1. How many of the residues in the stretch 66-81 are under 20 Å from Thr49 (Cα atoms), touching a strand residue (DSSP E or B) at 6+ places or on another chain (Cβ under 7 Å) and not hydrophobic (A, V, I, L, M, F, W, C)?
2. Could you grab me the full set of residues in the stretch 60-73 that are within 11 Å of the ligand (Cβ to nearest atom) and more than 20 Å from Asn89 (Cα to Cα)?
3. Is it the case, given these coordinates, that Asn57 is within 7 Å of the ligand (Cβ to nearest atom), in contact with a Cys (Cβ under 7 Å, 6 or more places away or on another chain) and at pLDDT 95 or above?
4. How about the stretch 106-122: which of its residues are within 11 Å of the ligand (Cβ to nearest atom) and not in a loop (DSSP other than H, G, I, E, B)?
5. Is one or more of the residues making up the stretch 125-133 among the charged types (D, E, K, R) and more than 21 Å from the chain's Cα centre (by Cα)?
6. For Ser180, all conditions in the list (1) under 23 Å from Leu38 (Cα atoms); (2) among the polar types (S, T, N, Q); (3) exposed (fewer than 15 other Cβ atoms within 10 Å of the Cβ) hold save one; what is the number of the exception?
7. Output the number of the condition that Thr95 fails; it satisfies all remaining conditions of (1) within 8 Å of the ligand (Cβ to nearest atom); (2) polar (S, T, N, Q); (3) closer than 21 Å to Glu123 by Cα.
8. Restricting to the stretch 112-126, name every residue that is surrounded by fewer than 19 Cβ atoms within 10 Å (Cβ to Cβ) and not hydroxyl-bearing (Ser, Thr, Tyr).
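The values are calculated or read from the model by the stated rules, or taken from the named source; none is laboratory data. No experiment lies behind these values; they were computed from the predicted model shown. All Cβ positions, even for glycine, are placed from backbone atoms using ideal geometry, and neighbour counts span all protein chains on display.
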Amino acid sequence: MRRKYVSNIARERGTRFLSTVNSLYVSFIEYNGVFYRLLHPRPTILLITLCPGDRVNIMPASWNLPISEEPPTIGVAVYRETFTYQCLNYHPEATINVPSIKHVDLIYQLGSVSGRDVDKIREFKVQLIPSDIVKAPTWRDAIAAYEVRVMNRLDVGESTLFVFEVLKVKVKTGIADEWSIDFSKTNIPLHGAGRVFHRVDPRKVFAKKSLK
Ligand SMILES: Cc1cc2nc3c(=O)[nH]c(=O)nc-3n(C[C@H](O)[C@H](O)[C@H](O)COP(=O)(O)O)c2cc1C
């Protein structure tokens, strides 16, 4: 059965791929779960925005990624039906806050209700401190925080990918070196699915410099 599969592929792709045929000797099955689940778990951040009516809002986002170094940018995919989307249209600055894993319960709650219905800052007693550059405040309990401003945006399906320019990077003392957060000292929530989060294994795995 597998042989047939391989020979079909070889026929379809032509003989120039024959040398790679052996690598096709694997048994993939089609994944029927939600497509992005195989790209999780992902680091979760808390996005704090300024909103109409002089309000502050906060929402977790695990679809975030650094995009470029020069200028330093971070992308966050935001569903357009969120209050956060409305807030970013109202005021283009925000803070991207890195939470500790000890805050998973809070994070889950913050992602389960909308600031349109509930003042999450008050309801969940989120402690805020002023930021240095942007008007949007910083979460006092964050491990680290980025002060950012919207630089670009791209509508994709039901989401908008906001590209934020990083204006300032801050971290709590003693928990990070120039490479990363020290995961033997603190940990971050990697979002799996629903209420499931993972932690970073603090043991490092060093890749060999060469395969030879
Ligand atoms: C762990 C976690 C990660 C999430 N990641 C995202 C995300 O990347 N983008 C997004 O738009 N919504 C994400 N959500 C859902 C929003 O946080 C949720 O819709 C929230 O209620 C929106 O709040 P708002 O309406 O106050 O902006 C996530 C929720 C959780 C719990």
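1. Quick first cut of the stretch 66-81, residues under 20 Å from Thr49 (Cα atoms) only: 66, 72-81.
Now drop any that are not touching a strand residue (DSSP E or B) at 6+ places or on another chain (Cβ under 7 Å), which leaves 66, 72-80.
Okay, now just the ones that are also not hydrophobic (A, V, I, L, M, F, W, C), so 66, 72-73, 75, 79-80.
Count: 6.
2. Kept after step one, since they are within 11 Å of the ligand (Cβ to nearest atom), are these residues of the stretch 60-73: 60-65.
Correct list: Ser62, Leu65.
3. Numbers: within 7 Å of the ligand (Cβ to nearest atom): yes; in contact with a Cys (Cβ under 7 Å, 6 or more places away or on another chain): yes; at pLDDT 95 or above: yes.
The answer is yes for Asn57.
4. Start the filter on the stretch 106-122 by keeping residues that are within 11 Å of the ligand (Cβ to nearest atom), which leaves 106-121.
Leu106, Ile107, Tyr108, Gln109, Leu110, Lys120, Ile121 - these are the residues of the stretch 106-122 that are within 11 Å of the ligand (Cβ to nearest atom) and not in a loop (DSSP other than H, G, I, E, B).
5. Yes; the residues of the stretch 125-133 include at least one that is among the charged types (D, E, K, R) and more than 21 Å from the chain's Cα centre (by Cα).
6. (1)
7. Every listed condition holds for Thr95 apart from (1).
8. Step one: of the stretch 112-126, the residues surrounded by fewer than 19 Cβ atoms within 10 Å (Cβ to Cβ) are 112-114, 116-119, 122-125.
If the condition is that a residue be surrounded by fewer than 19 Cβ atoms within 10 Å (Cβ to Cβ) and not hydroxyl-bearing (Ser, Thr, Tyr), then Val113, Arg116, Asp117, Val118, Asp119, Arg122, Glu123, Phe124, Lys125 are the ones that fit.
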